Amino acid sequence: MMGKVKMSKRLHIGVYPGTFDPITFGHMDIIQRATRLVDRLIVAVATNVSKDPLFSVEARIEMIENELRNHSFSQDIEIIIKPFDNLLVNFAKKEEAQLLIRGLRAVSDFEYEFQMAGTNRKMSPDLETVFLVASESYQLIASNLVKEIARLNGDTTPFVSAQVAEKLRERFSEPI
Ligand code: ADP
């Protein structure tokens, strides 16, 4: 006899948190992958004053919005961009998310991410952390390096979209 499988009809909601200072092709690749896993994806933009971001949270959100507008997602998916400055597990709970999405780049990300996932699980056992790996060509991209290239007047277009590259240029041509 075949076993009966109970199918859940609930919405699958994922939170993808980050600083996104600024959004890169690596982030976009993770977003694209995450859309295959959830019905609603909340891109949660950390105010993160401790990281002293180059762009304001409003500017970072605007860049993500532009990026998403120019990208077509094959799946029927709702993507919402929201700022957050509270504890991530509390934010996820308020959004009724079951999944916490993080991207893993190199081995160097692992220890920190492993510790975060464990800590978040202690605080919120029902929230499952899922690690996604970007496609090979985007794996090594990091916002910090992109900012460094822009600061030194280098070409950032292999790593970020033309609109983000332009924002970086503007930002670094401003008088300090
Ligand atoms: P945070 O301050 O949380 O590290 P980031 O904006 O740097 O914020 O990154 C957000 C998430 O996206 C992190 O999980 C990070 O590992 C992931 N990420 C960033 N760039 C890449 C990339 N090139 N490939 C895979 N994951 C990435």
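From the residues in region 113-168 that are of a type in the set (Lys, Arg) and within 21 Å of VAL45 (Cα to Cα), which one is least open to solvent (accessible area, probe 1.4 Å)?
Only one residue fits best here, namely LYS147.
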Legend entry - Residue in region 87-101 that is modelled with pLDDT under 95 and among the small types (Gly, Ala, Ser) present: no
Inset, instruction - Report the residue count in region 62-85 for those that are open to solvent by less than 70 Å² (accessible area, probe 1.4 Å) and either without any contact (Cβ under 8 Å) to a residue 24 or more places away in the chain or in a loop (DSSP other than H, G, I, E, B) (or both). - result: 4
Inset, instruction - Would you check which residues across region 50-61 are assigned to a helix (DSSP H, G or I), out of contact with any strand residue (DSSP E or B) (no Cβ under 9 Å at 6 or more places or on another chain) and not charged (D, E, K, R) and list them? - result: SER50, ALA59
Inset, instruction - Would you be able to say whether some residue in region 136-150 is over 24 Å from LEU100 (Cα atoms), over 19 Å from the mean Cα position of the chain (by Cα) and touching a residue at least 12 places away in the same chain (Cβ under 8 Å)? - result: yes
Inset, instruction - Read through the list (1) over 25 Å from THR119 (Cα atoms); (2) touching a strand residue (DSSP E or B) at 6+ places or on another chain (Cβ under 6 Å); (3) of a type in the set (A, V, I, L, M, F, W, C); (4) surrounded by 20 or more Cβ atoms within 10 Å (Cβ to Cβ), then give the number of the only condition that ILE42 fails. - result: (1)
Inset, instruction - Of the numbered conditions (1) among the charged types (D, E, K, R); (2) more than 16 Å from the ligand (Cβ to nearest atom); (3) farther than 19 Å from VAL160 by Cβ, ASP109 fails exactly one; give the number of that condition. - result: (2)
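The values are calculated or read from the model by the stated rules, or taken from the named source; none is laboratory data. Computed from a predicted structure; not experimentally measured. No Cβ is skipped: glycine too gets one built from the backbone with ideal geometry, and neighbour counts run over all protein chains shown. Just so you know, the surface numbers come from the protein's heavy atoms only, side chains and all, with ligands and any DNA or RNA stripped out. Shrake-Rupley method; radii C 1.70, N 1.55, O 1.52, S 1.80 Å.
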